[in-house]
1. Rounded if a/c is under 1.5, else prolate if a/b beats b/c, else oblate: with a ≥ b ≥ c from the C-alpha gyration tensor eigenvalues square-rooted, which is region 59-175?
2. Rg/Rh for region 3-206: what does it come to with C-alpha atoms and Rh from Kirkwood?
3. Could you put Lys189, Lys121 in order, starting from the residue whose Cβ has the fewest other Cβ atoms within 10 Å?
4. Going by how many other beta carbons lie within 10 Å of each one, how would you line up Phe55, Phe112, fewest first?
5. Counting other beta carbons within 10 Å of each residue's own, what order do Lys94, Lys51 fall into, fewest first?
6. Apply the Kirkwood formula to region 158-239: the hydrodynamic radius equals the inverse of the mean of 1/r over all pairs of different alpha-carbon atoms; give it in Å with one decimal.
7. Rounded if a/c is under 1.5, else prolate if a/b beats b/c, else oblate: with a ≥ b ≥ c from the C-alpha gyration tensor eigenvalues square-rooted, which is region 180-308?
8. Around Glu206, which amide H atoms from residues at least 5 apart in sequence, or from another chain, sit under 5 Å from its own amide H, with H modelled in the peptide plane?
Amino acid sequence: MTFANLGLSPEVLKAVEDSGYNTPTPIQEKAIPVVLMGRDVLGTAQTGTGKTAGFTLPMIDILASGQTKARMPRSLILEPTRELAAQVSENFEKYGKYSKLSMALLIGGVSFADQEAKLDKGVDVLIATPGRLLDHFERGKVLLNGVKTLVIDEADRMMDMGFIPDVERIVSLMPPIRQTLFFSATMSKDMRKLADQFLMNPKEIEVEAPSSAALTVTQGLVTVNNKNEKRPALRKMLAEENVKNSFIFCNRKKDVDILLGSLTKHKFNAGALHGDMSQSHRMETLEKFKSGEIRHLVCSDVAARGIDISNVSHVFNFDVPIHSEDYVHRIGRTGRAGQEGHAFTLATKMDKKYLAAIYKTIGREIPAIEIDGMDEIAEEAREIESRSKRVSKDDGPKRRGRGRQQSNAPVEKTDSANAKPENDDWKSKKNTRPKRSRYSKDEDDVPVMGLGEHVPAFFNIPFRKPATK
Ligand code: AMP
């Protein structure tokens, strides 16, 4: 099967060729002809399968005819996180470079003015997170009754993040006669029920289960005696010469900062990515990681889900993920596009239950590996332990009133047993979200920070005006 067999236009085929793709992935092979026919799609596929091109390539051709109107986008792609939305917009630019389509990206944490200016001119494609889109709607800056093609991407993630009421509201503002493409990494009963609300006689498309996505990734499990041994063990592994760059996952955003402090103190070139950071800071950090300016990215699941950066040599699970499916998403950050990758997980005896759930998900155990110098690691851990005991004895009552940032405690001192995992923060919000008067609290309830000093390059690419037919 080649792309030329799928019914795409010469312009799109040329852009695909420029991207270096020779063969369509299974989701592309299945979805592209169906989308071109105008049918609704219920797709079970996760990021890393080529899903984005699976819907963007045919959309570009569908949108090739027709005219834009001010504030009335012709198509809408909903994404749960800003990073994913930005990634899809980059894909649209790449695949749409020979097509005359205009696009706007509406995500939180970025100035309203630029987004409004684009909406005023009229756009063919709107890529948005639900909160920011509703914000624009409330301000009267966008109308959704001209949307003919709707994509709801990563629907299970939208549900985890409590966005479904927003999605339902958005869909209610659209014409009932439209084409809807609904994608989810998993297809539970709840997900099907939700999809039923939005789809009409959809074609069901399913591609490989997420657990098989990581065939090119060498996995390993390093068991340490206690959590104080994790930092020295991680440093040992990072110092290995074949670690070019890495994602290092923690379960809690609080621990992301603490681990970053520790690595920086030990002279590792590291940055952090989690849901409490401003959008401009997140984008800037990602750009630095992509360009190699930052080598190791300590991150939470929420911030790193679905991020598509090729050539990441390693993933380290500093914490065993609490939700087994997150293991698959985490290790999928390496070994992308058939390249070799390595994923190492640090665990203690306490993680038995979580590891068992992961083994069930991936259908096998993670092979145990040993690292050299365990005695040294144990010695360092003992030092950390006694240092933190000293600090809490000397500094305990004074520290109570201080913020974490000002604390003089050694970075190795951390007790996060009571901290909530970042994912669970979201889950707990699921059905208890207060009715919001303002919608911009998408993703992480991060205040809108303005564009800041960093403007991602793709924001500045001028969009060609559609040809008048
Ligand atoms: P996605 O699942 O859309 O996030 O895509 C995952 C990665 O696969 C991205 O880096 C794409 O650029 C790449 N990709 C998409 N389609 C193909 C293809 N047909 N051949 C090779 N790589 C692809």
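1. Rounded, because the longest to shortest axis ratio a/c is under 1.5.
2. On the way: Rg = 15.7 Å, Rh = 16.8 Å.
Answer for region 3-206: 0.93.
3. Listed from fewest to most nearby Cβ atoms, that is Lys189, Lys121.
4. So the ranking, lowest neighbour count to highest, is Phe112, Phe55.
5. Working: Lys94 16, Lys51 25.
Listed from fewest to most nearby Cβ atoms, that is Lys94, Lys51.
6. Details: mean 1/r = 0.0583 Å⁻¹.
Value: 17.1 Å, from the Cα pair sum.
7. prolate
8. Thr44
Any read-out appearing in this document is the output of simple, stated calculations on the displayed coordinates, not a laboratory observation. Bear in mind the structure is a predicted one, so any value in this text is a computation, not a measurement. Ideal geometry is used to build each Cβ from the backbone, glycine not excepted, and the neighbour counts take in all protein chains shown.
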